[in-house]
Amino acid sequence: MRFQTDHTRVTTDSNRLEISELPRHVYDAGLLFRCMNMLQVEKCDLAADDPLLFRELQGRCSLCRRKRECVQDFAHPFDHDRWERWQEYCPNSAMLTLIGAIQNCGHAAQHLKMPESPSEIG
């Protein structure tokens, strides 16, 4: 009989205890934070503004069964195909993309040319 906790695998048939270090991304929020960085989502702002949503994103990430694929994707720059694949399997992709757009819309707005007079709106 075998069972496993986060850091320990216990094998009862031979009464021995095996310590197995899991890759860090399995149980921490590192992958979520990498996604947030890629999408320019300020995690401190999100945690302060909407702590429940922040925890929900962490929970989805920690329960995701596609971590290996996510790690492989983040090991390379995102091209169009990788971006689309990530959006299909990541349970947080839509929300993170939306949050990134909202948080960064002010940054984009400062690069837009504002009309000088009402006649230019036309």
#### Entry: Volume of the Cα convex hull of region 23-103, divided per residue and given in Å³
84
### Message
So, R0 is 35 Å and r is the distance between the beta-carbons of residue 47 and residue 82; what FRET efficiency does that work out to, to 0.05?
### Response
0.80
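Read-outs: derived from the displayed coordinates by stated rules, not from any lab. If you're wondering where the values come from, they're calculated on a predicted model, not measured in any experiment. Using ideal geometry, Cβ is built from the backbone for each residue, glycine included, and neighbour counts are taken over all protein chains shown.
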